[in-house]
1. Convex hull over the Cα atoms of the range 276-320, averaged projected area in nm²?
2. Hey, what do the phi angles of the range 225-238 turn into as Karplus ³J(HN,Hα) couplings, whole Hz, using 6.51/-1.76/1.60 and θ = phi - 60°, x for Gly and Pro?
3. For the pairs LYS90/LYS271; LYS122/LYS199; LYS76/LYS199, flag any whose C-alpha to C-alpha distance is greater than 21 Å.
4. Sorted by mean Cβ packing within 10 Å, highest first, what order do the peptides 277-289, 298-310 take?
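Nothing in this text is a laboratory measurement; each read-out follows from the coordinates by a stated rule. The structure presented is a predicted model; accordingly, all values stated were derived computationally and were not measured. Glycine also receives a Cβ, built like all others from the backbone with ideal geometry; neighbour counts cover every protein chain displayed.
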Amino acid sequence: MHYNVPYKTKQFFFVLIKLSIVVGAFYFIYSKLIENEQLQLSDFLAFLKENNTFSPKNIIFLVLLSVFNWFFEILKWKTLVKTIKKISFKEALEQSLGGLTASLITPNRIGDYGAKAIYYSKPYRKRIVLLNLLGNISQMTMTIIFGVIGLVIFINRYQIEVDYYKLARFGTIIILIGIFAFFGAKQNKFNIKGYSIGKVLDFITKIPFKIHFLNLNYSLVKYLIFSFQFYYLLTIFGVEVDYFKAMVVITSMYFLASIIPSIAIFDVVVKGSVAVFLFGFVQVNELTVLSIITLMWLLNFAIPSVFGSYFVLNFKLLNTKE
């Protein structure tokens, strides 16, 4: 039996959903700052004051790095979407920050997919989800490339025992599964809710090479920006470590943290735990590492999601029409 829900009822529930997203995001930001078991807020603030972190020069430079980080993320999204529909930079900004806010309380930021898709009419939504996936894959690719290189150097430098036989066996299994899945998908043997993975691959391969090239380059620039931001924070807190040695640890940290599934709000906790362990090898104390991780999270996720909440609250369902 089919029921027609009145328009005003739909609007009421839609407003309720928007408010729930924003309230949920703000609550998790608050809980991360106030109820953080790894780093007490009083210790965090005292440490920042002691190290003169909030000098005008440092604030401006750190904020600029975060702005550029999000600038390239927005530019990447605008570039990907133009393969199916031209949007302005302002629209890309609204969708990117709104998606960030919606994703904050979801596992592995999966809420970002639904939030961006709802900005478009129904015929576009599946392709929007795929484009968002493509953008995330390109960013993950950079994390893996730099992370694997950094981790290999880290393991060799600090003589960490690794069972290479088990590692090689695991890698071989993953590669074989990937090859099997790829050729199976090309032959349309795998389907998800009636949609062939082969069609997904066809969609991706039909995207112009220039778009793939720009996508990867924007992801590379983003990676270089936020990894340098981490290094800059190390220098602010008086850590005497050369850039190369620091990048070996930073790239290893981002790689290991990225392969651990987590809700976005706990991402800072995961990164904190991994970072404390890795930076212990270069004699960086726990308070310094956790303070940097918290600042990185605030600058690149929490604060942008506050701006994103404005777009969530002002989003109108009618915007999904062409």
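1. 4.4 nm²
2. Listing the rounded values in order: 5, 6, 6, 5, 4, 4, 5, 4, 5, 4, 5, 4, 8, x Hz.
3. Working: LYS90/LYS271 31 Å; LYS122/LYS199 18 Å; LYS76/LYS199 23 Å.
Table pairs above 21 Å Cα-Cα are LYS90/LYS271; LYS76/LYS199.
4. 298-310, 277-289
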